[in-house]
Amino acid sequence: MSLLAILRLELRRLLLRPWPWLLAAAVLAWLGWNELLAVGAFLKAQDRLALLPAAPGFTDIVAVPLLAQFAEIALLLVPLLSMQALAGERRAGTLALLLAQGLPARSIVLGKYLALLLWLLVLLALVVLLPLLLAPATHLDWGKLAAATLGIALLLAGLLAVGVACSSYTRQPPLAAALALALTLALWAGVAQGRAPQLAGPVLGWISLPTHLQPLLRGWVGTDDLAYFGILIALALSIATHRLGRERELG
Amino acid sequence: MSSLPPRLALHAVSRRRAGRLVLEPTTLQLAAGDVLGLLGVNGAGKSTTLMLMAGVLAPSHGRVELNGADLAEWPQRARRHIGYLPEHAPLWPELTVREQLDAHGALRGLRGAALHVPRDTLLQRLDLAPLARRLCAQLSLGQRQRVGLACALLHQPDVLILDEPGTGLDPVQTENLRTLLRERAAAGAAIVLSTHLLTEVTALCTRAVILHQGELRHDAPLHTGAAAWRVTLGAKQAESARTVLSALSAAIEIEDAQHVLVRLHHDADVALLARTLVGAKLALLGLEPASPPLARVFMDIASGRVERAA
């Protein structure tokens with residue numbers, strides 16, 4: 001009940017703020033432009049691709065790279081979006097209103113998280129719509145596209161959980177965003193290890209985000225990768241809940 | 001004697017911040033209908049005390065009880081039973097005034113008529129109806145304060161905790177607020193309000209508490225609209241005075257054969273008291289306030305003229 005009330009309140013506030021809309025518009029405009037360039041390159045390469053026995057198709061050359069680009073944008077977008085979640089409430093004094101109502105920390109964290117996640121998933125749906133609009137004119141690998149979309153959704157959910165956790169530790173939203181960005185980049189830095197796994201230890205390789213995102217972008221859905229994102233989300237949200245639960249003691 | 005637990009009770013509640021004691025062990029009780037004025041200079045610990053009462057902060061030691069239940073064990077009870085207005089009335093700026101009230105109601109589990117009826121009543125009572133569709137970000141200080149009050153009053157709580165509720169209100173709105181709070185107290189709510197204004201306390205409160213440097217230094221009832229006077233009469237005239245003064249709207253207490261303590265109610269004044277005694281041919285040898293006025297007590301404590309309790 002309290003979770004639903006917070007979710008509805010957060011969604012309402014999110015929809016009324018201008019900057020999430022501006023961010024969404026900028027992301028879609030950038031990705032739309034890049035899709036046009038990718039489609040142009042794909043059309044130019046048709047003759048050469050036709051000679052290859054297992055040539056990459058529209059999904060490999062346009063759709064999945066577009067989603068991969070969105071993943072890179074999300075590294076910056078999600079901390080910007082999540083920084084207000086708890087730090088902004090704390091700074092504005094409205095967190096006291098929520099605490100004075102005896103709302104459990106779990107409900108406050110989950111309500112805010114789910115509202116932001118819903119907004120990000122709507123943005124992801126609009127991004128996926130870009131290649132889907134060309135589906136009647138081309139051949140889409142639906143399985144690969146679905147796996148890549150799942151991968152990006154899990155990435156967004158993971159990054160958002162990290163962002164909310166960072167937001168729970170400060171009353172300064174920019175500091176929360178910087179902290180979330182630093183952590184995100186640390187997790188993303190595994191991209192080098194992902195490309196050269198022999199250079200990284202098994203633990204470092206396993207905790208890096210790209211290690212688990214790349215298989216999904218290639219169309220391989222493994223329980224190992226799903227478990228990784230599940231653990232990341234659960235761990236980050238638990239940290240946020242624990243910190244907020246101590247708000248009454250810490251002040 | 002009533003068996004009902006106090007609406008709100010602080011049992012040796014203290015609070016540390018960064019290793020420093022910002023509120024020393026404090027014990028207070030509020031019964032239904034009590035209106036407690038919390039006074040103190042800046043940094044005295046008023047807001048910390050209110051946050052502890054509202055469940056926003058947890059005590060470092062001691063416990064806060066709400067209707068007999070430990071607030072730390074049952075924080076969800078605050079949802080229905082406590083209305084809290086923090087300092088500066090924080091609001092969600094993206095929402096309109098009506099949405100703000102709806103959000104507060106929904107968070108407290110109010111729906112349908114249980115939400116809409118008190119919401120519309122409060123919008124009218126606090127003169128917010130013309131602002132119902134205005135964004136909270138666009139409100140003035142006084143308007144924000146009234147919206148914050150409406151949010152605190154929406155669910156008709158048993159305990160109202162108000163931090164500087166009169167900030168930014170004009171005299172008409174201040175009187176309106178007093179009327180509203182008196183009605184809530186008459187309906188059985190216990191009210192705590194923190195303020196810098198002594199007039200606010202004397203006009204509204206039944207009891208005043210003064211905090212200084214995190215310590216409770218004064219806790220005494222106030223006789224709203226009344227004053228206590230010590231009357232000195234001729235030898236053995238105290239009993240006669242009691243008979244004479246029984247016609248007055250006052251509480252009379254004989255201290256000894258020559259001294260009477262008279263607490264005047266709002267429809268009697270000291271001039272009438274003196275006229276009645278002199279008219280009855282009693283020897284009026286002295287007439288002085290029985291207790292120092294709140295302003296003097298406050299100034300004595302704030303200036304350090306009153307030593308802290310051992």
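Observations on the model:
- In chain B, the longest principal axis of the Cα atoms and the axis of helix B:141-153 are about 90 degrees apart.
- Segment A:3-78 shape via C-alpha gyration tensor axes, a/c threshold 1.5: prolate
- Against the main long axis of the alpha-carbon atoms of chain B, helix B:171-186 sits at an angle near 80°.
- Angle in degrees between helix B:97-107 and the longest Cα principal axis of chain B, rounded to the nearest 10: 90
- Rounded to the nearest Hz, the phi-derived 3J(HN,Hα) couplings of segment A:235-242 under the Karplus curve 6.51 cos²θ - 1.76 cosθ + 1.60 (θ = phi - 60°) are 5, 5, 5, 5, 4, 4, 5, 5, where x marks glycine and proline.
- Residue B:217 long-range amide H proximity, modeled H, under 5 Å: B:210, B:211, B:212
- Taking the centroid of alpha carbons for each part, segment A:1-35 and segment B:117-139 are 28 Å apart.
- Available extension along the chain between residue A:231 and residue A:43 is 63.6 nm, counting 0.36 nm per residue and deducting the alpha carbon span.
- Distances between placed amide hydrogens fall under 5 Å for residue B:234 paired with B:283, B:285, all partners being 5 or more residues away or on another chain.
- Extension gain for residue A:203 to residue A:118 (0.36 nm times residue separation, less C-alpha to C-alpha distance): 27.5 nm.
- Förster radius 56 Å - calculated FRET efficiency between residue B:280 and residue B:42 (Cβ-Cβ, nearest 0.05): 0.65
- Beta bridge orientation in the protein assembly as shown: antiparallel %, DSSP, nearest 5: 70
- Sorted peptide list for A:56-65, B:123-132, criterion being average Cβ within 10 angstrom, highest first: A:56-65, B:123-132
- With the cut-off at under 19 Å, measuring from each backbone N in segment A:58-74 to a point 7 Å along the Cα-to-Cβ line of residue A:220 picks out A:60-61, A:64-65, A:68.
- Note on residue B:295 and residue B:261: with the Förster distance fixed at 35 Å, the Cβ-Cβ geometry gives a FRET efficiency of about 0.95.
- Sequence-distant residues sharing a close amide H with residue B:207 (under 5 Å, placed H): B:35, B:37, B:222
- Sequence-distant lysines (8 or more away, or on other chains) whose Cα lies within less than 20 Å of residue B:236: B:281
- Global geometry of segment A:112-251, whether rounded, prolate or oblate, following the gyration tensor of its Cα atoms and the 1.5 cut on a/c: oblate
- Beta-bridge orientation, segment B:8-221: approximately 55 percent antiparallel, per DSSP, counting only bridges with both partners inside.
- When segment B:1-54 is reduced to its Cα atoms, the Kirkwood hydrodynamic radius in Å: 12.5
- Distance from the alpha carbon centroid of segment B:180-244 to that of segment A:103-170 works out to 60 angstrom.
- FRET efficiency estimate (nearest 0.05) - Cβ-Cβ, residue B:186 to residue B:253, R0 25 angstrom: 0.45
- Taken along the Cα-to-beta-carbon direction at a fixed 7 Å, the label points for residue B:232 and residue A:138 span 10.4 nm.
- Applying the Karplus relation 6.51 cos²θ - 1.76 cosθ + 1.60 with θ = phi - 60° to segment A:85-90 yields 3J(HN,Hα) values of 3, 10, 4, x, 5, 5 Hz, where x marks Gly and Pro.
- With θ taken as phi - 60° and the Karplus curve 6.51 cos²θ - 1.76 cosθ + 1.60 applied, the whole-hertz 3J(HN,Hα) list for segment A:149-160 is 5, 4, x, 5, 4, 5, 4, 4, 4, x, 5, 5 Hz, x standing for glycine and proline.
- Within 10 Å of each Cβ in A:88-100, the average number of Cβ atoms from other chains: 6
- Proxy reagent accessibility, fewest Cβ within 10 Å first, across B:161, B:301, A:108: B:301, A:108, B:161
- Our estimate of slack between residue B:31 and residue B:134, defined as 0.36 nm per intervening residue step minus the Cα-Cα distance, is 33.3 nm.
- When shorter helices are ignored and each DSSP H run of at least 4 residues is given -39500 (n - 2.57), the per-residue value for the protein assembly as shown at 222 nm works out to -16500 deg cm²/dmol.
Each value in this text was obtained by applying a stated rule to the coordinates, not by laboratory testing. Note that the coordinates shown come from a computational prediction; the quantities given were computed from them, not determined experimentally. Note that each Cβ is placed from the backbone with ideal geometry, even for glycine, and that neighbours are counted across all protein chains shown.
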